[in-house]
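Q: If you scroll down you'll find the structure; I have some questions about it.
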Amino acid sequence: MAAAGISTGMRVLDVGCGAGDVAMLAGRLVGPTGSVLAIDRSDDALAVAGRRAAAKGFSHIEFAKRDIADLAGGEKFDAVTGRFLLLHFKDPTPILRGVASLVKPGGTVVFAEMDIGSTSATPPFPLLEKCVGWIVSLYARSGLEPDMGSKLYGAFRAAGLAASLKATCRIETGLDGGGLAYLVGTLQTMKPALIALGVATPEELDIPSLTQRLAADMTAGGHCVIYPRLIGAWART
Ligand SMILES: C[S@@+](CC[C@H](N)C(=O)[O-])C[C@H]1O[C@@H](n2cnc3c(N)ncnc32)[C@H](O)[C@@H]1O
C-alpha cells in the first residue's frame, strides 16, 4: 500500500473490509489528518472491525454497511483498497472499473489476492497437499477463484488499469511459524461447507487429530513449506 502511494492525509475507501485489517493499515498510513471509509456487506464483519479499530484508537476510520455493487457515484477518494475480495466475483473487471470510477484522477487502486494453489512443500508433504486441495475444491465448487492473485494483472488490464505488481509469501520450516495452525483454523471455519459439499468427510476433518498429524508429519519430514503467494496490484487512475 505504501508502494502504491497511500500516504499521509489521504481519504481512502477500503472495500470488503472484513475484520478491518486493511482499513487499519490504511488508517496508519494516512494518519489522523487522513481518513478511511471501510465498507462490507456483512453486519458481523463490520461489528468485529468496528470493535477492533476502536480498541486500537482509530477514530478516523468509519465502517459502513454497503454492497460494493451499490457504490457508484457520490464521493471521490484518493485511493481504493481491497484484499481477498475479488476472488468472490466471477468477473472482477466490472468491480475494478466501478471502484476506479470512485478515485480522483491521479489516485490509486490497490488490491491484494492469493494464489492458494501455489502452496508447496519440499520434500513432498501429502497431508498438507490434501488439506490445500480441499480448500481449492471448496472454492471451485462455491464459485470462488482460488488463484485470484495471478489473475489480478489481467483483471486490471481488462478494466483499463496499468498494474504494477508485487508478490510475497510465507516460508516455514518446523512448527514455530504458525502456518499449520492458520491452515487448520481455516479448515475448521470451512468444515461445515466442506462436509456439506462432500469435499471431505467428518472423520478427515477431525480437527484435533488433523492438527496432531500435520505437526507430526512436519517434524518427521523436515519439510520446507511455501505458503500461498500473496500478490499486490496497484494502478494510478
Ligand atoms: C475474505 S474477507 C477479506 C476481508 C479483508 N479485506 C481482509 O483482507 O482482511 C472478504 C470480505 O468481503 C466481503 N464482501 C464479499 N462480497 C462483497 C460485496 N459484494 N460487497 C461488500 N462486501 C463484500 C465479505 O463480507 C467479507 O467480509
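Q: Could you derive backbone 3J(HN,Hα) for segment 38-53 from the dihedral phi with the Karplus parameters 6.51, -1.76 and 1.60 (θ = phi - 60°), listing whole Hz in sequence and x where the residue is Gly or Pro?
A: Per-residue couplings from phi come out as 10, 10, 7, 8, 9, 4, 4, 4, 4, 5, 5, 4, x, 5, 5, 5 Hz.
Q: Oh, and also: To the nearest 20 debye, what charge dipole does segment 90-214 have about its Cα centre, counting +1 at the Cβ of each Lys and Arg and -1 at the Cβ of each Asp and Glu?
A: Numbers: 11 positive and 11 negative charges, 111 e Å.
Here the size comes out at about 540 debye.
Q: Once you have the alpha carbon radius of gyration of the chain, what is it after dividing by 2.2 N^0.38 Å, with N set to its residue count?
A: Numbers: Rg = 19.0 Å, N = 237, 2.2 N^0.38 = 17.6 Å.
Its radius of gyration relative to the 2.2 N^0.38 Å reference: 1.08.
Q: Now for a different question. How much area per residue is accessible in the chain when the probe is 1.4 Å and only protein heavy atoms are counted (Å²)?
A: Values: 11420 Å² over 237 residues.
Counting only protein heavy atoms, the per-residue value for the chain is 48 Å².
Q: How long are the semi-axes of the equivalent ellipsoid of segment 149-210, taking √(5λ) for every eigenvalue λ of the Cα gyration tensor, in whole Å from largest down?
A: Values: eigenvalues 220, 78, 9 Å².
Gyration-tensor ellipsoid for segment 149-210: 33, 20, 7 Å.
Q: Pairs Lys104/Lys151; Lys56/Lys151; Lys76/Lys151; Lys65/Lys130; Lys90/Lys166: which are spaced more than 30 Å apart, C-alpha to C-alpha? Intermediate values should be presented prior to the final figure.
A: Numbers: Lys104/Lys151 25 Å; Lys56/Lys151 34 Å; Lys76/Lys151 26 Å; Lys65/Lys130 37 Å; Lys90/Lys166 23 Å.
In this structure, Lys56/Lys151; Lys65/Lys130 lie more than 30 Å apart at Cα.
Q: Of all the accessible heavy-atom surface of the chain, with the other protein chains kept in place and a 1.4 Å probe, what percent is carbon and sulfur?
A: Details: 6470 of 11420 Å².
Ligands and nucleic acids excluded, carbon and sulfur give 57 percent.
Q: Order Phe58, Phe156, most accessible first, counting only protein heavy atoms with a 1.4 angstrom probe.
A: Numbers: Phe58 25, Phe156 0 Å².
Heavy-atom accessible area, descending, gives Phe58, Phe156.
Q: I've got another one for you. For n ≥ 4 DSSP H runs only, could you compute -39500 (n - 2.57) per run for the chain, divide by its residues and tell me the 222 nm figure to the nearest 500? Walk me through the intermediate numbers first.
A: On the way: 7 runs with 87 residues, N = 237.
When only DSSP H runs of four or more count, the value is -11500 deg cm²/dmol.
Q: Shifting gears a bit: Hey, can you grab everything whose amide H is under 5 Å from the amide H of Val103? Only 5+ residues off in sequence or another chain; H modelled, so Pro and N-termini drop out.
A: Phe77
The values are calculated or read from the model by the stated rules, or taken from the named source; none is laboratory data. Just so you know, these numbers come straight off a predicted model, no measurement behind them. No Cβ is skipped: glycine too gets one built from the backbone with ideal geometry, and neighbour counts run over all protein chains shown. Surface areas here come from the heavy atoms of the whole protein model, side chains and all, with no ligands, DNA or RNA. Shrake-Rupley method; radii C 1.70, N 1.55, O 1.52, S 1.80 Å.
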